[in-house]
Structure formats: C-alpha cells, structure tokens
1. Can you pull the percent of Cα pairs in the protein assembly as shown with separation above 26 Å?
2. Restricting things to alpha carbons, tell me how big segment A:64-116 is in terms of Rg and Dmax, in Å.
3. Could you work out how far apart the two model spin labels at B:Q81 and B:D53 are, taking each label as a point 7 Å from the Cα in the direction of the beta carbon, and quote it in nm?
4. Distance from the Cα centre of segment B:11-48 to that of segment B:77-104, in angstrom?
5. Let's see if you can work this out: charge +1 on each Lys and Arg Cβ, -1 on each Asp and Glu Cβ, no other charges. What is the dipole magnitude of the protein assembly as shown about its Cα centre, in debye to the nearest 20?
6. Mean separation of Cα pairs under 8 Å and 6+ residues apart, divided by the residue count of segment A:7-73: what relative contact order is that in percent?
7. What net charge is computed for the residues neighbouring A:I21, neighbours being all others with C-beta under 13 Å from the C-beta of A:I21, Lys and Arg scored +1, Asp and Glu -1?
8. Sorted from fewest to most neighbouring beta carbons within 10 Å, what does the list B:Y88, A:Y103 look like?
Amino acid sequence: GAVVSQHPSRVICKSGTSVKIECRSLDFQATTMFWYRQFPKKSLMLMATSNEGSKATYEQGVEKDKFLINHASLTLSTLTVTSAHPEDSSFYICSARDPYLAYGYTFGSGTRLTVV
Amino acid sequence: QQQVKQSPQSLIVQKGGIPIINCAYENTAFDYFPWYQQFPGKGPALLIAIRPDVSEKKEGRFTISFNKSAKQFSLHIMDSQPGDSATYFCAASDQGAQKLVFGQGTRLTINP
C-alpha cells in the first residue's frame with residue numbers, strides 16, 4: 001500500500017509559539033489529504049481536508065486561523081498550529097486516499113504535540 | 001446521520017478466544033466500511049474493509065460480517081493473540097464525500 005510520512009513524531013513547544021507538522025506522500029501523489037486530531041483514549045476527529053493548490057476545507061468548529069493548512073505540492077501538506085496553548089496539546093494524524101486500494105485510506109504515524 | 005456507533009468500549013478476552021466488536025450506522029449513503037487497528041502513539045493501520053454488496057469478508061484471522069438491512073457490521077478476530085491487544089476503530093465513508101467517519105473505538109486486551 002501507499003506510504004504517508006509524518007514529521008515530527010513528537011514536539012514540545014512553549015505557549016504562544018507556532019508549530020508546523022508535515023505530511024508527505026512518499027510513493028504517490030495526493031491531491032487531497034486529511035488532518036485528524038485525537039485526544040487520549042478517544043476517536044479520531046476530522047479537522048480539515050487539504051486540497052492541493054486551493055484552500056483547505058475545515059470541519060465545523062475548527063478554527064481556521066488557529067490551524068493553518070497548506071497543500072502546496074502533490075506530495076506535501078502542512079498543518080501549522082499558531083499561537084499554541086496547552087489545550088492544543090493532542091495527537092495529530094494526517095491521511096490520504098491510498099491509490100493502490102480501491103477505496104482505502106492510509107494514515108501517517110501521527111505527531112504528539114505538547115504545549116507547555 | 002453521520003455517526004458510526006461502536007461497542008463495546010473495552011473488551012478483555014483470553015488468548016485463543018474470539019473477540020467481537022460491533023458497529024452501527026445510519027447514513028445509507030455509506031458504501032465503504034473499514035476496520036483500523038491502532039497501537040499507542042501510532043497512526044491507525046487498515047486491517048480489513050468491506051463494501052455493502054457482500055455480507056462477509058475474511059482476511060487471515062480477521063472477519064467482517066455485514067448486515068445491510070440492519071445497518072450493522074462487526075469485526076471478529078479468530079484465535080486471538082496478546083499481540084492483537086490494541087484499539088480498534090470501525091469507520092465508514094461515502095465515496096462521494098471522501099470523508100471517513102470513525103466509531104468511538106474499542107480497547108481490546110488479549111490476556112495470555
């Protein structure tokens with residue numbers, strides 16, 4: 001199947017700073033990528049759909065100015081958490097449609113963000 | 001309408017037993033039903049998936065049973081092993097919308 005690489009796997013930042021998370025499709029081109037947030041022992045919540053060359057589509061309740069998404073190329077989407085606060089601490093996961101499966105999605109390994 | 005309800009929340013089974021995890025959905029437009037396995041600190045990995053035109057699918061020790069009329073589907077793990085201990089998520093999508101909707105997750109523990 002397809003591989004999605006997510007970096008960094010862990011990051012600790014101070015309140016008020018911004019953090020960028022990268023999601024790369026390694027062996028395929030992804031016109032669309034998905035960003036999820038997962039709280040401890042909870043399910044994945046879709047935050048936004050990232051579209052190459054156009055604006056991301058955010059789910060209801062997700063602050064666009066807080067979570068900036070850029071999909072500048074067919075293999076890279078980035079999520080920037082701006083002016084991070086402790087409540088932004090979470091596990092962030094990206095995903096893309098798997099071109100090698102008829103209906104499959106492949107996920108990155110996730111990024112654990114801790115804001116102190 | 002967009003929810004997928006998953007049960008149980010947690011499950012403990014002895015090695016060799018057959019854990020069963022159930023999911024139910026409302027949206028009849030859903031046409032893809034995958035199951036994902038997630039270990040702590042990792043992203044979800046696809047285990048097995050089914051489309052509504054079949055009632056059962058087996059891959060190795062994993063089986064999905066699908067009941068279209070009841071709008072329910074379940075995951076069975078045969079000959080469970082301690083290494084199967086993980087969190088399992090069912091999901092559903094409407095290919096037109098491209099979004100995956102996840103169930104709440106089941107924390108499965110297989111005791112040796």
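Values quoted throughout were computed directly from the atomic coordinates according to the rules given, and no laboratory measurement underlies them. Every value quoted in this text rests on a predicted model; they were computed, and no experiment measured them. Every residue, glycine among them, receives a Cβ derived from its backbone with ideal geometry; neighbour counts consider all protein chains shown.
1. Here the long-distance tail beyond 26 Å is 37 percent of all Cα pairs in the protein assembly as shown.
2. Calculated on Cα positions, Rg and Dmax stand at 13.5, 42 Å.
3. About 3.4 nm, to one decimal.
4. 3
5. Numbers: 23 positive and 17 negative charges, 88 e Å.
Computed about the Cα centre, the dipole is about 420 debye.
6. Details: 67 pairs, mean separation 13.5, N = 67.
Here the relative contact order equals 20 percent.
7. Details: positive: A:R10, A:K20, A:R24, A:R37, A:R112; negative: A:E22, A:D88.
Counting the neighbours of A:I21, the net charge comes to +3.
8. Details: B:Y88 24, A:Y103 15.
Ranked by crowding around the Cβ, least crowded first: A:Y103, B:Y88.
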